[in-house]
Amino acid sequence: MDVIDRIEAAATRHGDGAAHVYRGDSLSYSRLWAAATTLSLRIAGELADDGTPVVVYGHKESAMLVAFLGTVRAGHPYIPIDVSWPADRIASVVAESRTSLMVAIRPLPDGVVHDGVLVLDGSRLAEGAVPPGPMGDPHPVRGDDPYYVIYTSGSTGRPKGVQITQSALGSFVDWATSLAREAEMPTGEVAGSVWLNQAPFSFDLSVMDVYCALTTGATLHSVDAATVANARVLHCELGGSGVSVWVSTPSFADLCLADPGFTGDLLPRLGLFLFCGETLSSTTAAALRARFPEASIVNTYGPTESTVAVTSVTIGPEHLRGSALPVGRPKPGTTILIRDESGVSVPASHQGEIVIAGDTVSIGYLHRPDLTEAAFTQVDVNGEPTPAYRTGDLGHLDQTGMLHFDGRLDGQIKLHGYRIEVEDVETNLRRVSGVQQAAVVAIRREGAVTHLHGFVQLSHVPEGSSLAAAAALKRELRAYVPEYMVPKLLTVLDRIPMTANGKVDRHALLAGSR
Ligand code: AMP
């Protein structure tokens, strides 16, 4: 059954049940479905049946879910954009995606819309209100049609849009809900389970909680950025949530663990932690086992380019003895290959690039055949040519077929779960006035990135103190990249050190950063 049909079936079965809870307000399945229906008619009245993407802008409001479902029911993939993005980055996605319709749940910042793009005010969508205008005859996204496009950091300084099809999403959701069932969570047919939504909708981790909840008649409980920023408010919010399935990055769990009250008493229904997006340390897993002895902890691994996650492992006491936790075994429909530099598969226990082949691999980057060709390929799986993605991750399969993540082959890092190409930050730093040369290094503790340190060479001697100069540079950088990409430390150097080969000497910069 297609994803949208599963949601319709859940909405029929659990009409009065809560589909979404946000800031104390709850949106029932019947209202969600009715509002999405109205919006799909309105979108079909505005757009040709050509599958062009629709940008949806906002944060955690229930109207975001109405907009996602309304868009796919009208036959168009959606591009989720979070309010934390600066105008410049939104404008670049609007231009690159060639969208002609945006649904603004929150008011758009100035300067992001150009001629030919219509903006629908979506602020009252959850109440079923769409702005007046033509209505049409919607044909939903089906089969291998693109379902959503999520933009991730790109090394050129411009984000790239990963297109995920309806069938890829369906395969992922089948597997992810089965993980919850295996952990004896009552997600199958019961409306009573509650999935935590912490990741912004523009981060593909959120696809896990959104679609596992909505296709099974469960409740999605969103916590927003303001709640996360205040430990006391977050404690109260979690305590009242009834969350039974936890989906987040390990970084968010670490943040919660800083609160001594974050225990099974606060979340008595919690039966499963599902992690993805960055390394889960054995310290974090051990602390969670101690505080939530009844809950299973599952580590999953995967990139946006292969629909959220493709491997999983339940972390048991046997894993906690080693320092690095495994990332799991592939889901049905996925094959993991480890390949050397010449593209040849290496034997078990040997390190190489992780290549993911199977039914959740993206069809490529939107309107970027160059980037698509560089990262996507086809491999032979049991005699069948199968779509595959070269992750740029370094890893190995052990003798039992378990995958281990061993780092990156390039400058991509994860900071508090956010995927960042270091070159993306550098390119945008070079756009800041007066910056001649820029380099950024990731500072790590126990293997995990704790912050970014940027170094700049300026075309003029800065006025005032170097601290004031760095603060001014950061202020301008915020116009180009989201806050999480702004280096915590920024140092003005007379010259960026170079190696004998004329490359930025990152070792020297790292040494200088200590
Ligand atoms: P994203 O596309 O934002 O989900 O980021 C994907 C990247 O995050 C992967 O290519 C890995 O580098 C990293 N990643 C995802 N899951 C894990 C995990 N369980 N352990 C370590 N790194 C991970």
>> If I ask for residues that are outside any helix (DSSP H, G or I), without any contact (Cβ under 8 Å) to a residue 60 or more places away in the chain and among the aliphatic types (A, V, I, L, M), which ones from the stretch 260-294 would you list?
In response: Leu266, Leu267, Leu270, Leu280
> Quick one: would you say Thr314 is farther than 21 Å from Phe292 by Cα, touching a strand residue (DSSP E or B) at 6+ places or on another chain (Cβ under 6 Å) and within 16 Å of the ligand (Cβ to nearest atom)?
Replying inline: no
> Can you name every residue in the stretch 330-371 that is farther than 17 Å from Ala309 by Cα and of a type in the set (S, T, N, Q)?
Replying inline: Ser342, Ser345, Ser349, Gln351
> Restricting the search to the stretch 254-274, which residues are within 20 Å of Ala225 (Cβ to Cβ), surrounded by 21 or more Cβ atoms within 10 Å (Cβ to Cβ) and either more than 23 Å from the chain's Cα centre (by Cα) or within 16 Å of the ligand (Cβ to nearest atom) (or both)?
Replying inline: Phe262
>> Test of understanding: among Ser167, Ser153, Ser171, Ser222, which residue is within 16 Å of the ligand (Cβ to nearest atom), within 27 Å of Pro53 (Cα to Cα), surrounded by 17 or more Cβ atoms within 10 Å (Cβ to Cβ) and small (Gly, Ala, Ser)?
In response: Ser153
> From the set of residues in the stretch 401-410 that are assigned to a loop (DSSP other than H, G, I, E, B) and of a type in the set (A, V, I, L, M, F, W, C), which is farthest from the ligand (Cβ to nearest atom)?
Replying inline: Met402
> Pairs under 8 Å by beta carbon, first residue without any contact (Cβ under 8 Å) to a residue 40 or more places away in the chain in the stretch 295-310, partner within 10 Å of the ligand (Cβ to nearest atom) and hydroxyl-bearing (Ser, Thr, Tyr), six or more apart or different chains?
Replying inline: Asn299/Ser312
> Here are some residues: Glu373, Glu353. Which one is exposed (fewer than 12 other Cβ atoms within 10 Å of the Cβ), at negative phi and out of contact with any helix residue (DSSP H, G or I) (no Cβ under 9 Å at 6 or more places or on another chain)?
Replying inline: Glu373
> Name the residues in the stretch 317-336 that are away from the ligand (no atom under 12 Å from the Cβ) and at pLDDT below 95, would you?
Replying inline: Pro317, Glu318, His319, Leu320, Arg321, Gly322, Ser323
> Taking into account only those residues within the stretch 385-400 that are part of a strand (DSSP E or B) and more than 10 Å from the ligand (Cβ to nearest atom), which is nearest to Gln412 (Cα to Cα)?
Replying inline: Arg390
>> Return the residues of the stretch 78-129 that are basic (Lys, Arg) and within 21 Å of the chain's Cα centre (by Cα); say none if nothing qualifies.
In response: Arg89, Arg106
> Where in the stretch 104-173 are there strands (runs of 3 or more DSSP E), lying fully within it, with 2 or more residues that are in contact with a Ser or Thr (Cβ under 7 Å, 6 or more places away or on another chain) and modelled with pLDDT of 95 or more?
Replying inline: 146-152, 160-165
>> Against the condition more than 30 Å from the chain's Cα centre (by Cα) and surrounded by 15 or more Cβ atoms within 10 Å (Cβ to Cβ), how does Leu458 come out, does it pass?
In response: yes
>> Anything in the stretch 309-348 that is touching a Pro at 6+ places or on another chain (Cβ under 7 Å) and of a type in the set (A, V, I, L, M, F, W, C)? List them, or say none.
In response: Val310, Val313, Ile336
>> So the check is Cβ under 8 Å with 6+ separation or different chains; which pairs have a first residue in the stretch 461-474 that's free of Cβ contacts under 8 Å to residues at least 12 places away in the same chain and a second one that's among the small types (Gly, Ala, Ser) and surrounded by 10 or more Cβ atoms within 10 Å (Cβ to Cβ)?
In response: Glu463/Ala469
>> Here is a list: Val56, Val72. Which entry is buried (at least 24 other Cβ atoms within 10 Å of the Cβ) and assigned to a strand (DSSP E or B)?
In response: Val56
> From the list Ser296, Ser306, which residue is among the hydroxyl-bearing types (Ser, Thr, Tyr), within 10 Å of the ligand (Cβ to nearest atom) and at pLDDT 95 or above?
Replying inline: Ser306
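The values are calculated or read from the model by the stated rules, or taken from the named source; none is laboratory data. Here the structure is a predicted model, which is why all the values come from computation and not from measurement. Cβ atoms come from the backbone with ideal geometry, glycine included; neighbour counts cover every protein chain shown.
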